[in-house]
Every structure is written in structure tokens, then in C-alpha cells.
Amino acid sequence: MNQTGYVGRFAPSPSGPLHMGSLVTALGSFLQAKVNNGKWLLRIDDIDPPRIQAGAIENIQSCLTAHGLIWDGDVFFQSQNAEHYERIISQLNSQKLLYPCECTRGKIKALGEFYKGTCREKTQVKSPYSLRLKNQFEISQIEDRRLGTLQVNSQATQEDFIVRRKDGLYAYHLASVADDIQMGITEIVRGEDLITATACQWALFKTLGRTPPECLHLPLVTFADGRKFSKQNHAPGLDLSKPVKNLTDALAYLNLTVPNSFQSNHQIDEVLSWAIHAWADSPSNIL
Ligand SMILES: [Zn+2]
């Protein structure tokens with residue numbers, strides 16, 4: 001039942017098995033959807049074939065299921081949505097909001113940390129090129145449901161970011177925004193490491209004449225030395241034989257302490273329904 005029109009999503013990339021950091025994001029977005037009597041959708045961000053690990057898509061789905069995190073409706077796959085992305089590219093192109101850029105990463109880096117629109121007026125390209133957005137928006141702050149008003153690096157968010165890469169693949173911001181619009185997402189729940197990405201994406205929503213969704217950035221899971229839990233940093237995958245322990249640990253990152261009475265691995269549903277009530281009842285903890 002979707003009484004409120006709330007639609008949330010979890011959108012992992014299938015570059016490896018889920019780790020504790022991804023479980024925290026999945027769980028936080030799940031709880032937020034449940035507390036709002038909304039839908040919780042699963043989208044697989046498989047837009048970048050070289051980064052897809054064999055078996056990861058099945059692994060993500062079985063991992064979520066093992067933790068009682070059951071999504072609503074069919075799974076969305078970015079790899080099946082190229083036509084939609086191309087339509088948005090065409091729309092932006094007809095509005096003269098895109099331009100080709102051949103610059104290499106090395107050249108951009110040599111000119112400074114951010115791309116400064118070097119190729120905006122260029123009309124001819126010889127080598128493989130990416131398409132960049134003529135970014136009309138300088139987002140300097142965003143409203144986060146947990147963290148309040150966040151100042152963001154406007155140099156980063158006013159950058160003319162890439163919407164289609166040199167290799168022809170659609171870029172993350174474009175695919176993510178296009179999908180969020182198509183899926184009717186009302187709130188994006190993701191990790192704090194994506195705050196700048198959120199602000200860039202807000203510029204794209206506005207460029208497309210859309211009001212950006214609400215956002216909620218969750219605390220990050222880190223190693224003892226402060227490095228973020230990520231696939232690149234070789235964060236260990238979750239032990240699927242201990243779902244209640246995993247959920248308890250993930251809830252601790254969300255400032256919720258699960259009562260000791262839940263210990264059996266058959267009590268996934270009990271833990272989740274406890275967590276939904278706790279999330280709703282103690283907004284000062286996380287929200
Ligand atoms: Zn360029």
C-alpha cells in the first residue's frame with residue numbers, strides 16, 4: 001500500500017558483493033520508505049559493463065532477500081534503459097545545452113581541479129569526445145533531512161559535467177537522474193560520500209525542468225583508519241549465515257541499538273519491524 005506517494009530506492013552497482021556500507025544504505029532507505037508507507041524500489045546501476053562482476057546482480061538480490069529487505073515491484077536495470085537516456089541527451093542537445101569535449105583527464109587536471117568549460121565554444125572535434133552539460137546552475141547548498149542545510153563545493157557543482165562518456169557509455173549523473181525521474185523517486189537516501197554528487201544531480205534535475213527529490217544522506221561505514229568501506233577498498237562481503245548480526249550492526253551505524261532479545265537468525269522479521277518502529281519513534285537519533 002502506498003498511501004503517501006513516497007517512492008524511495010536502493011541503487012547499488014553490481015561491481016561486487018554487498019558489504020556493511022551498502023547494507024546500511026539499503027536498510028536506511030528501506031526504513032525510510034516503510035515509515036512513510038511508501039514504496040521501496042531496487043535499481044541495479046549496471047551502466048558500466050567493464051565494472052560489472054559476474055554473479056554480482058544475483059548476489060545483491062539474494063543478499064537483500066536474506067536480510068528481509070524485499071523490494072516492491074520489478075527490479076530496474078540501467079542497462080535496459082539506454083533509449084530513455086538517449087531521449088534526454090536529444091532533448092538537452094536540442095536546447096543547445098551539450099557540447100563535445102576531447103580533453104583528457106590529464107589535461108583537465110593540469111588546468112586545475114575542476115573542468116572550467118574549456119571546450120564550450122569549440123565546434124570541431126577530431127578524436128573521440130565526451131558530451132558535457134552547459135551547466136546553468138550553481139548549487140551552493142542542499143537541504144538534507146538529517147543534516148539540515150548543507151553547504152556544498154559550488155566549484156564542483158557548477159562544473160560542466162560529462163553526460164555521455166568518450167566510450168559512448170552514459171555517465172552516472174545522467175543515468176541516475178533520468179531513472180529517478182522515470183521511477184518517480186520522491187526521496188533519495190544514500191551515503192554521505194555522495195553529497196556533492198547529489199548537488200550536481202540537483203542541477204541536472206533543474207536543467208530538465210524538474211523539482212529535485214528530497215534527500216537524506218546516511219553516515220558512512222569506515223575502516224578503523226577512517227577509509228570508507230567500499231569495493232575499491234576491499235571491504236569484506238557480508239556473511240549471509242548471520243543476517244540478524246548484520247542487521248544489528250547496520251542499525252548501530254544508524255544510531256539504533258537493537259535489544260539483546262533478538263539473537264536468533266530466524267528473527268529477521270522481528271528485528272525489521274522493531275527497527276521500523278524505532279526509526280519512526282526516535283527521529284532525533286537519525287533524522
Ligand atoms: Zn574539452
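The values are calculated or read from the model by the stated rules, or taken from the named source; none is laboratory data. This is a predicted model, so every value here is computed, not measured. Here the Cβ is made from the backbone with ideal geometry for all residues, glycine too, and neighbour counts use every protein chain on show. Protein only, heavy atoms only, side chains kept; ligands, DNA and RNA dropped before computing areas. Shrake-Rupley method; radii C 1.70, N 1.55, O 1.52, S 1.80 Å.
Worth pointing out:
- Residues that are open to solvent by 20 Å² or more (accessible area, probe 1.4 Å) and part of a helix (DSSP H, G or I) within segment 259-273 comprise ILE268, ASP269, GLU270, SER273, listed in sequence order.
- For segment 223-236, a residue qualifies if it is within 19 Å of the chain's Cα centre (by Cα) and in contact (Cβ under 8 Å) with a residue 40 or more places away in the chain, and the qualifying residues are LYS228, PHE229, SER230, LYS231, ALA235.
- Any chance GLN61 is more than 22 Å from LEU247 (Cβ to Cβ) and either in the same structural domain as ALA224 (by TED's automatic domain parsing) or not hydrophobic (A, V, I, L, M, F, W, C) (or both): no
- Residue within segment 272-282 that is charged (D, E, K, R), under 19 Å from PHE30 (Cβ atoms) and touching a residue at least 12 places away in the same chain (Cβ under 8 Å) present: no
- Residues (within 9 Å of the ligand (Cβ to nearest atom) and over 20 Å from TYR170 (Cα atoms)) located in segment 109-129: THR118, LYS122
- Filter pass, ILE276 being more than 18 Å from MET20 (Cβ to Cβ) and surrounded by fewer than 20 Cβ atoms within 10 Å (Cβ to Cβ): yes
- Residue check, TYR99 within 13 Å of the ligand (Cβ to nearest atom), modelled with pLDDT of 90 or more and not aliphatic (A, V, I, L, M): yes
- Count of segment 63-88 residues which are surrounded by 14 or more Cβ atoms within 10 Å (Cβ to Cβ), among the polar types (S, T, N, Q) and farther than 18 Å from SER29 by Cβ: 2
- Evaluation of LEU220 against (1) touching a Ser or Thr at 6+ places or on another chain (Cβ under 9 Å); (2) away from the ligand (no atom under 16 Å from the Cβ); (3) open to solvent by 10 Å² or more (accessible area, probe 1.4 Å); (4) touching a residue at least 40 places away in the same chain (Cβ under 8 Å) (one fails), failing number: (1)
- When CYS119 is tested against (1) out of contact with any Leu (no Cβ under 7 Å at 6 or more places or on another chain); (2) in a helix (DSSP H, G or I); (3) open to solvent by less than 50 Å² (accessible area, probe 1.4 Å), exactly one condition is not met: (2).
- When segment 139-170 is filtered for residues that are away from the ligand (no atom under 14 Å from the Cβ), under 23 Å from ILE89 (Cβ atoms) and in contact (Cβ under 8 Å) with a residue 40 or more places away in the chain, the ones remaining, listed by number, are ILE139, ALA156, THR157, GLN158, LEU169, TYR170.
- Within segment 235-251, being open to solvent by 30 Å² or more (accessible area, probe 1.4 Å) and in a helix (DSSP H, G or I) holds for LYS245, THR248, ASP249.
- Odd one out for LEU256 among (1) open to solvent by less than 10 Å² (accessible area, probe 1.4 Å); (2) of a type outside the set (D, E, K, R); (3) under 23 Å from ASP179 (Cα atoms): (3)
- A residue that is outside the structural domain of ARG105 (by TED's automatic domain parsing), open to solvent by 50 Å² or more (accessible area, probe 1.4 Å) and of a type in the set (D, E, K, R) cannot be found anywhere in segment 174-182.
- Pair list, Cβ < 7 Å and 6+ apart or interchain, from segment 38-55 residues that are part of a loop (DSSP other than H, G, I, E, B) to residues that are aliphatic (A, V, I, L, M): GLY38/VAL7; ASP45/ALA11; ASP46/ILE52; ASP46/ILE57; ILE47/LEU169; ILE47/ALA175; ASP48/LEU169
- Flag for ARG132 being away from the ligand (no atom under 16 Å from the Cβ), closer than 22 Å to ALA199 by Cα and not in a helix (DSSP H, G or I): no
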